[in-house]
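Everything on this sheet refers to the single structure shown next.
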Amino acid sequence: MSKKRGVLLVNLGTPEQPTKKYVREFLRDFLSDRRVVDTSRLIWLPILYLVILPIRSIKVAKLYKEIWTNGESPLRFYTESQTKKLADKLADKKVNVKYAMTYGKPSIAQQLQQFNEQGVEQLTVLPLYPQYSVSTTAPVFDQLSDAIKQQFNFPELRFIHNYHDHPLYIKQLVDSIKHSWESNGRSQCLVFSFHGIPKRYVTLGDVYQQHCEKTVALVVAGLQLKAEQYKLCYQSRVGREEWLKPYLDASLPEMVKQGIESIDIISPAFACDCLETLEELSVENRELFLESGGKSYHYIPCANDSDAQIALLADLVG
């Protein structure tokens, strides 16, 4: 008799509501994780609680309100939809599919307990991060391990480390870009923007930069682009420490000075649209590019719950 299987999709997380209270809780959990910010607790926690949370929570709550749709966070909406569609896709295999958030609800521990109560014997955990990073994928493994420590029995485990070069993932990106060009026209330059991390993390052994560069190389090959037709950048840096370069916000004005008046921009690191794509990339950086003299800026959405995305997830979990 085959063993009862389960699949757990894990995304970063989202506030329950776009209010200061819920945003503060989310940011507190997220920024308290040593994998995300590894500064000494004696230095970091006073900054977090006395400066960042009181000020940042108000600003971020306003941004979340702007992208909140039909009473729901886009990240939660698409993660839930991915879960339902993947369950339908795997229905003939009778796989129990759930999702969890690294920060927020439902938690990894809650869902692991549910799987245990439902008799799941083989569990595949898929962090929804194509490129591995110590600041995103590793916290999923940490929480999974902590939850398992509290159980007398746990299922056979398969943890998917990354899928940055998976053929279906690359094809999905290539097809998405081609579809955008067919529908909206093609800009002078295609910009790949990835969430940044401190450069120090890479020096210590994080393979994130390698994965980002490999993803771009494969997509560029699929699109047959020349060197001057694309650019890789990193966004969302914070603090004074050096992060991976080139920085997106510094690159956009420079591109205009170099004569690039139109760009298409895509963020391959995200499995579904969220605050960073819908606000930072689609709004904030658009304004920066246009105010710098650019003429056209087109954001290419994430794969979200598209058929191509579900086919990729199904292939990954087997």
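The values are calculated or read from the model by the stated rules, or taken from the named source; none is laboratory data. Keep in mind the model is a prediction, meaning the values are calculated, not measured. Note that we place each Cβ from the backbone using ideal geometry, even for glycine, and neighbour counts take in every protein chain shown. With ligands, DNA and RNA removed, areas are computed over all heavy atoms of the protein, side chains included. Shrake-Rupley method; radii C 1.70, N 1.55, O 1.52, S 1.80 Å.
Summarising the overall dimensions of segment 174-298 from its C-alpha atoms, the Rg and Dmax are 14.3, 43 angstrom.
Name all residues of segment 122-144 having a backbone nitrogen under 15 Å from the label point set 7 Å from the Cα of residue 159 along its Cα→Cβ direction, giving them as ranges. Within reach of a label on residue 159: 123-129, 132-144.
Checking every one of the GluC sites (Glu not before Pro) in segment 218-318 against DSSP loop status and a limit of 13 other Cβ atoms within 10 Å picks out 241, 242. Note on the chain: with a GNM built from Cα contacts shorter than 10 Å, the maximum mean-square fluctuation among 46, 106, 198 falls on 46.
Pairs to check: 84/178; 85/178; 199/245. Give those whose C-alpha atoms are more than 19 Å from each other in this structure. Pairs exceeding the cut-off: 84/178; 85/178.
Treating each Cα of the chain as an identical point scatterer and summing with the Debye formula, the log10 of I(q)/I(0) at q = 0.09, 0.10, 0.13, 0.15 Å⁻¹ comes to -0.48, -0.59, -1.02, -1.35. Scanning residues 5 or more positions from residue 125 or on other chains, those with amide H under 5 Å from its amide H are 8, 158, 159, 160, with H placed 1.01 Å from N in the peptide plane. Classification of segment 1-41 by its C-alpha gyration tensor yields an oblate form. The axis ratio a/c (a ≥ b ≥ c) is 1.5 or more, and b/c is at least a/b. Among the chymotrypsin sites (Phe, Trp or Tyr not before Pro) in segment 83-171, those placed in a DSSP loop whose Cβ has at most 15 other Cβ atoms within 10 Å are 152.
In this calculation the C-beta distance from residue 242 to residue 94 is compared with R0 = 45 Å, giving a FRET efficiency of 0.35.
Accessible area per residue for segment 110-223 is 46 Å², calculated with a 1.4 Å probe on protein heavy atoms, without ligands, DNA or RNA. Note that segment 95-219 shows a convex hull volume over its alpha carbon atoms of 149 Å³ per residue. The 1.4 Å probe gives accessible areas that order 142, 92, largest first, as 92, 142. Estimated at the nearest 10 Å², the accessible area of residue 124 is 10 Å² with a 1.4 Å probe.
For the chain, what % of the accessible area comes from carbon and sulfur atoms, probe 1.4 Å? The nonpolar share, carbon plus sulfur, comes to 52 percent. Working from Cα pairs under 8 Å separated by at least six residues, relative contact order for segment 114-211 is 37 percent. Straightening the chain between residue 204 and residue 308 buys 34.0 nm, computed as 0.36 nm per residue apart minus the Cα-Cα spacing. Among the trypsin sites (Lys or Arg not before Pro) in segment 221-318, those located in a DSSP loop and surrounded by at most 10 other Cβ atoms within 10 Å of their own Cβ are 226, 240. Where in segment 286-309 does the label zone of residue 262 land, with the point 7 angstrom along Cα→C-beta and an amide N cut-off under 14 Å? Inside the label zone: 294-299.
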